[in-house]
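To keep things clear, I will list the structure first and then write my remarks on it.
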Amino acid sequence: DAGVTQSPTHLIKTRGQQVTLRCSPKSGHDTVSWYQQALGQGPQFIFQYYEEEERQRGNFPDRFSGHQFPNYSSELNVNALLLGDSALYLCASSLREGASYNSPLHFGNGTRLTVT
Amino acid sequence: AQSVTQPDIHITVSEGASLELRCNYSYGATPYLFWYVQSPGQGLQLLLKYFSGDTLVQGIKGFEAEFKRSQSSFNLRKPSVHWSDAAEYFCAVGAGGFKTIFGAGTRLFVKA
């Protein structure tokens, strides 16, 4: 049973560029959430996708956008990269059961993004 | 606003000693509470969760946590720490829908 997989594992970009990160959810899961984890901090919620639509969004600018595909996989896009976007980006999948937390988050190992 | 505070940035315990990691939350309604563990270079793994009922919840790897509404706390405990428990521990609260708010984490060091 494959868990959450993310690609790439590491990425180096230059300020102003655009980046796309990818996530495949755990088998059987239909909901994908993205988190940003800066060094020494806890994960910060970016947004969540379910049924190919953004359902919830955290306090992140419009430079951060996403997509969910019919096979439940997801992409996170960040435009006009800033130095402060350097972080570990975590994807988490879960199974939506109403609006409850009965289905816990399963995290991937993340993509380490460095912006120079 | 919902928030989670983990007062200890890092803690060092001797192998075999007991452990308690502190967590305080701020949330207006009945909280959904979680503890996650993160090993270096890895994603987060759920240790345990509290939704309702018994305020003492058991998790994986011998961990337990106690929900105390009067103190807005959800402290994590383990009676005997193993060297493999060295990691970063995050307390989190469900903040509506599927949004989860995490604390800043507590790094656990285990000395021989």
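The values are calculated or read from the model by the stated rules, or taken from the named source; none is laboratory data. Predicted, not measured: the structure shown is a model, and the values here were computed from it. Reconstructed Cβ throughout: ideal geometry from the backbone, glycine too, with neighbour counts over all protein chains shown. Side chains included, ligands, DNA and RNA excluded: accessible areas come from the protein's heavy atoms. Shrake-Rupley method; radii C 1.70, N 1.55, O 1.52, S 1.80 Å.
Between the amide H of B:TYR32 and those of B:GLY94, distances stay under 5 Å, these residues lying 5 or more places away or on another chain, with hydrogens modeled in the peptide plane.
Annotation: amide H of A:THR31 within the under-5 Å range of A:SER94, A:ARG96, sequence separation 5 or more or interchain, hydrogens built in the peptide plane. Spin-label model, A:LEU11 to B:SER52: label points 7 Å out along the Cα-to-beta-carbon direction sit 4.1 nm apart. Leaving ligands and nucleic acids aside, the B/A contact buries around 1900 square angstrom of accessible area in total at a 1.4 Å probe radius.
Taking the Cα centre of the range B:29-94 as reference, the dipole from Cβ charges on Lys and Arg (+1) and Asp and Glu (-1) amounts to some 100 debye. Residue by residue, the range B:72-85 carries 3J(HN,Hα) couplings of 6, 10, 8, 7, 9, 9, 8, x, 8, 7, 10, 4, 6, 7 Hz when phi is fed to the Karplus relation 6.51 cos²θ - 1.76 cosθ + 1.60 (θ = phi - 60°); x denotes Gly or Pro. Per residue, chain A exposes an accessible area of 47 Å² to a 1.4 Å probe, with every protein chain left in place. For the cross-link pairs B:LYS49/B:LYS78; B:LYS49/B:LYS99; A:LYS26/B:LYS61; A:LYS26/B:LYS78; A:LYS13/B:LYS99, the ones whose C-alpha atoms lie over 25 Å apart are A:LYS26/B:LYS78; A:LYS13/B:LYS99. Taking B:PRO40, B:PRO79, B:PRO31 as the candidate residues, the one with maximal mean-square fluctuation in a Gaussian network model of chain B, Cα springs under 10 Å, is B:PRO40.
Using Cβ point charges alone (K and R +1, D and E -1), the dipole size of the protein assembly as shown about the Cα centre works out to roughly 420 debye.
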